[in-house]
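The values are calculated or read from the model by the stated rules, or taken from the named source; none is laboratory data. The structure displayed is predicted, hence computed values, not measured ones. Backbone-built Cβ (ideal geometry, glycine too); neighbour counts: all protein chains shown. Remember, those area values only see protein heavy atoms, side chains included, never the ligands or the DNA or RNA. Shrake-Rupley method; radii C 1.70, N 1.55, O 1.52, S 1.80 Å.
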Amino acid sequence: MPNRLSMVVFSGTVDRLYPVGIIASGAVAMGMEVNVFLTFWGLEAFRKGRPESNQKMDMNYAEMAPMMGQAMMQAKVPPWIELLKQAKAMGNVKVHACAMTADLLHLKKEDFDPIVDDVVGVGEFVSEARDGEVTMFI
Amino acid sequence: MAATEVTPLPTRVVDARGSFCPGPLMALIGAIREAKVGDVLEVWSSDQGSRRDIPFWVNKAGHELVALADEAGYTRFVILKKR
């Protein structure tokens, strides 16, 4: 069984994209491959220019967003996309765009941030996830 | 401090203080990759996660944690690259 962690990234808010970068880093550190599938708002968050401009936060915690943002700025926490890029530079991290969402939004591979490797169908993602040990939904 | 006297001199010190989980661990892995077998690396971390993550990774990756010392506001990890 390949030592692989798969993630379905459905959410596009920054508070959920941080765990994507952090967990990918941890997995790479522990010698795992990482298989990321971006769908719906998760894919929207990877459109060209979005990783840099996105400031969306979970509405349930809207009142805490300014405090969190300030704390992270003071602590000089790197942007979530940098964490994911670092993980990709360090190990085997594949970032797949969901073909269904891409078709709905009329988007092609070149419309996404360069960290996105390809546009794939859910069948391919699921079969890759099935061979691995851990799959999560974010 | 008797423990530090027997600790080999580090080839390189990675000061990751102020970096959050998993920053110090990632910095260590990067430094290990650039190092030669037999090199001794020292990592300084103020992140709480490092305390467990770094020894775990060092063991899993087949290196040796030579020393772990608490300093004021951070932890010092001394690692021998073994492979």
Spin-label point model (7 Å from Cα, Cβ direction): what's the A:Val120 to A:Lys48 distance in nm? 2.4 nm
For A:Lys108, give me every one of the lysines with a C-alpha distance below 29 angstrom, ignoring sequence neighbours fewer than eight places off in its own chain. A:Lys48, A:Lys56, A:Lys85, A:Lys88, A:Lys94
Restricting to Cα pairs under 8 Å and 6 or more apart, the percent relative contact order of chain B works out to 33 percent
FRET efficiency estimate (nearest 0.05) - Cβ-Cβ, A:Lys109 to A:Asp131, R0 22 angstrom: 0.35
Compute the Cα gyration tensor for chain A, then decide on rounded, prolate or oblate, letting a ≥ b ≥ c be the square roots of its eigenvalues: rounded whenever a/c is under 1.5, prolate when a/b is larger than b/c in the other cases, and oblate in all that remain. oblate
For the protein assembly as shown, give the percent of accessible area contributed by carbon and sulfur heavy atoms, probe 1.4 Å, rounded to a whole number. 57 percent
Among all the lysines, which ones have a C-alpha under 18 Å from B:Lys82's C-alpha, if same-chain residues fewer than 8 places away are not counted? B:Lys36, B:Lys60
Does the stretch A:89-138 classify as rounded, prolate or oblate by the C-alpha gyration tensor (a ≥ b ≥ c root eigenvalues; a/c under 1.5 gives rounded; else a/b over b/c gives prolate, otherwise oblate)? oblate
Distance between Cα centroids, the stretch A:5-48 to the stretch B:5-83: provide it in whole Å. 27 Å
So what is the 222 nm mean residue ellipticity for chain A from helices alone, if each DSSP H run of at least 4 adds -39500 (n - 2.57) and you divide by all residues, rounding to the nearest 500 deg cm²/dmol? -12000 deg cm²/dmol
note: chain B, Cα-Cα separations exceeding 19 Å make up a percent value of 27 percent
